[in-house]
Amino acid sequence: MANSTTSSHLLPVFARADLAFERGEGVWLITADGERYLDFTSGVAVNALGHAHPHLVAALQQQAAKLWHTSNLFKSPEGERLAARLCEHSFADFVFFANSGAEAMECAIKMTRKYHATNGQPERYRIITFEGAFHGRTLATLAATGAAKYLDGFGPPVEGFDQVPHGDLDAVKAAIGPATAGILIEPVQGEGGVRAADPAFFRALRELCDEHGLLLMFDEVQTGMGRTGELFAHQRFGVAPDVMALAKGLGGGFPIGACLATAEAASGMTPGSHGSTFGGNPLAVAAANAVLDVMLEPDFLPRVQSIALLAKQKLASVVDRFPQVLSELRGEGLLLGLKAVVPAAELMAALRAEKMLSVAAGDNVVRLLPPLILSEAELAEAVERLERACASLSAPATTAQREAV
Ligand SMILES: *Cc1c(COP(=O)(O)O)cnc(C)c1O
């Protein structure tokens, strides 16, 4: 029998809004009866180029008519091309394709352990992670995430993760021991509440890794693919990792993840050491190559940077004007967070009443993750809706509301 209150047969692991969409156009999502919502979720940083982008639609339609799947038993010319482009535009020499962020992270964790094992130090398998992190929902990535609310009830967490306070260099130093294999961090914590760290902190992590022979691992599943105004967020502070996980924006809405690594870091990953049935499937790599076609146009990232700067200015002014509702604007590029004074859920509901969609994050933050193609007019529209939502939350209660309390 299905859940008696909703009669849904979907496993009830998500608290879904009572709202469904039939189609999308750019930054808009449209219900079956034609109501238009401004989408500042981008499917949680996935639809980086908005909905129904003509170049992505054409690429996927053309690939769908040719070939869907061949497995990794055979060569993949389009997969080769995607990997070569990702390497050309990053620190990496090798790419493994997976289907999700968690899988890309699993590869990163396995690769880091295998690197030391291959170098004759199999006892080095532990990875230092940070409080407030989010790395996925598989057993290993949950252990890396380290939050009790996600781990409780699922048995002993996978061994080998040492969590320290975010941004605390002394704690990192103290956690490094003879079993340490690597340090794993998000350039900006997304789920954790849009929390950035000082560029100097990342430089110090790089130095610590070099000094102790550790691999530096960046989880750019959310921050990657233009979200912060550079193709990869770490390019903003000029510190390259040894291993990096990508997913969300990579396929523009088609599921694909990737683990990128230097030749040195990848040296343990020999034939048979890892795999995936679907990873790098022709449809997925066609979608991701189409995303790169758009993002690698010379004016694409500069335009993201300029609209992001404008968004920051306008949103900061809203924060100033509604101190009863908002206390802080956080984030980089178009990975933005509004720290709320009211419960974040109330702000999200007020935004939804204005037909604007946002995403919850930790630390009572409401994330704003618009498609990177956001125009100035659409930004202005969003700011007006946010102002109306804030005004509705800061308005003095009506007599009727006061009497109801
Ligand atoms: C979303 C996310 C993941 C997990 O990705 P899935 O595709 O949901 O498995 C991992 N790391 C970060 C930083 C994320 O934002």
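The values are calculated or read from the model by the stated rules, or taken from the named source; none is laboratory data. As the structure is a computational prediction, the values presented were derived from the model and not from experiment. Cβ coordinates were reconstructed from backbone atoms using ideal geometry, including for glycine residues, and neighbour counts include every protein chain displayed. Quick note on the areas: whole protein, heavy atoms, side chains included, nothing else; ligands and nucleic acids left out. Shrake-Rupley method; radii C 1.70, N 1.55, O 1.52, S 1.80 Å.
When residue 257 is tested against the conditions (1) more than 25 Å from residue 51 (Cα to Cα); (2) crowded, with 24+ Cβ neighbours inside 10 Å; (3) touching a residue at least 60 places away in the same chain (Cβ under 8 Å), the lone failure is (1). Report yes if some residue within the range 64-77 is within 13 Å of the ligand (Cβ to nearest atom), in contact with a Ser or Thr (Cβ under 9 Å, 6 or more places away or on another chain) and either touching a residue at least 40 places away in the same chain (Cβ under 8 Å) or assigned by TED's automatic domain parsing to the domain that holds residue 279 (or both); otherwise report no. Checking the range 64-77: not a single residue is within 13 Å of the ligand (Cβ to nearest atom), in contact with a Ser or Thr (Cβ under 9 Å, 6 or more places away or on another chain) and either touching a residue at least 40 places away in the same chain (Cβ under 8 Å) or assigned by TED's automatic domain parsing to the domain that holds residue 279 (or both). The combined condition, being at pLDDT 95 or above and farther than 21 Å from residue 277 by Cα, is fulfilled by residue 127.
Residues in the range 167-181 that are surrounded by fewer than 16 Cβ atoms within 10 Å (Cβ to Cβ) and either of a type in the set (Gly, Ala, Ser) or not assigned by TED's automatic domain parsing to the domain that holds residue 132 (or both): 174, 177, 179. Each residue in the range 341-382 was checked for being crowded, with 20+ Cβ neighbours inside 10 Å and hydroxyl-bearing (Ser, Thr, Tyr), and 1 of them qualify. Among the residues here, residue 204 qualifies as away from the ligand (no atom under 16 Å from the Cβ) and small (Gly, Ala, Ser). Summed over the range 129-148, residues that are within 11 Å of the ligand (Cβ to nearest atom), in contact with a strand residue (DSSP E or B) (Cβ under 8 Å, 6 or more places away or on another chain) and not in a loop (DSSP other than H, G, I, E, B) total 2. For the range 112-128: of the residues being assigned to a helix (DSSP H, G or I) and more than 16 Å from the ligand (Cβ to nearest atom), which is least open to solvent (accessible area, probe 1.4 Å)? Across the range 112-128, the extreme among qualifying residues is 116. Restricting the first member to the range 109-135 and to residues that are closer than 22 Å to residue 258 by Cα, and the second to residues that are within 16 Å of the ligand (Cβ to nearest atom) and part of a helix (DSSP H, G or I), the beta-carbon pairs closer than 6 Å and six or more apart or on different chains are 109/140; 129/144; 133/145; 134/145; 135/105; 135/141; 135/144; 135/145.
From the list 183, 256, pick out the single residue that is more than 12 Å from the ligand (Cβ to nearest atom), under 19 Å from the mean Cα position of the chain (by Cα) and either within 19 Å of residue 105 (Cα to Cα) or polar (S, T, N, Q) (or both).
183
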